[in-house]
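Novice: My structure is below; once you've seen it, I'll send some questions.
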Amino acid sequence: GPFALGMVYVVYTVLRGEKIDIGAQLFGGFQRFWDAVACYWLQSIFIALWSLLFVIPGIVKSFSYSMSFYILAENPEMSGKEAIDASKELMNGHKMELFMLCLSFIPWFLLTAVTCGIASRNAVSIPCFKVISAWGHEPQ
């Protein structure tokens with residue numbers, strides 16, 4: 001919850017080209033502790049309930065809710081539930097694009113396994129930046 005929101009703050013800081021202050025950004029999610037926790041738990045509950053139907057609906061819904069923390073970071077007035085609803089609306093018609101983007105990173109993860117973790121720096125950071133910049137979105 002709060003750490004995921006903090007990671008979004010770090011990614012946005014890097015995308016803006018600003019200097020990273022780990023204490024301020026990574027732990028910045030704790031300033032909105034209850035919103036971040038609500039967003040995390042609601043996502044988990046909704047995905048679990050959709051997964052009860054079958055595995056595929058749970059995966060589809062996880063892509064629907066994937067932008068919740070990014071939306072929460074950009075909109076301080078939003079609650080966790082509102083961020084999830086906005087993420088569903090934002091991802092409407094784009095879930096397959098995100099799925100294909102995620103599939104394109106399988107070689108990075110295989111390369112990490114082959115190099116015993118040496119390639120993990122790129123395997124972790126590049127997907128974060130690609131997901132945000134996939135639709136040409138610039139953080140506010």
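The values are calculated or read from the model by the stated rules, or taken from the named source; none is laboratory data. As the structure is a computational prediction, the values presented were derived from the model and not from experiment. Note that each Cβ is placed from the backbone with ideal geometry, even for glycine, and that neighbours are counted across all protein chains shown. These area figures cover heavy atoms from the full protein model, side chains too; ligands, DNA and RNA do not enter into them. Shrake-Rupley method; radii C 1.70, N 1.55, O 1.52, S 1.80 Å.
Novice: Looking at (1) open to solvent by 50 Å² or more (accessible area, probe 1.4 Å); (2) among the basic types (Lys, Arg); (3) in a helix (DSSP H, G or I), which is the one condition that is false for LYS19?
Specialist: Status for LYS19: all satisfied but (3).
Novice: Residue check: is LEU5 assigned to a helix (DSSP H, G or I), under 17 Å from ALA86 (Cβ atoms) and more than 14 Å from the chain's Cα centre (by Cα)?
Specialist: Values: assigned to a helix (DSSP H, G or I): yes; under 17 Å from ALA86 (Cβ atoms): yes; more than 14 Å from the chain's Cα centre (by Cα): no.
In short, no.
Novice: Looking only at region 108-119, filter to residues that are open to solvent by 80 Å² or more (accessible area, probe 1.4 Å) and either part of a helix (DSSP H, G or I) or among the basic types (Lys, Arg) (or both); which one of those is nearest to VAL60 (Cα to Cα)? Lay out the reasoning, then the answer.
Specialist: From region 108-119, those open to solvent by 80 Å² or more (accessible area, probe 1.4 Å) are 109-110, 114, 116, 118; that's our starting set.
Add one more test, that the residue is either part of a helix (DSSP H, G or I) or among the basic types (Lys, Arg) (or both), and what stays is 109-110, 114.
Numbers: PHE109: 22, LEU110: 24, VAL114: 30 Å.
Within region 108-119, the match that is nearest to VAL60 (Cα to Cα) is PHE109.
Novice: Can you tell me which of (1) at pLDDT 85 or above; (2) touching a helix residue (DSSP H, G or I) at 6+ places or on another chain (Cβ under 9 Å) is the one GLY93 doesn't meet?
Specialist: That leaves (2) as the condition not met.
Novice: Can you find, within region 78-98, the residue that is nearest to ILE59 (Cα to Cα) among those that are open to solvent by 40 Å² or more (accessible area, probe 1.4 Å) and hydrophobic (A, V, I, L, M, F, W, C)?
Specialist: Only one residue fits best here, namely MET96.
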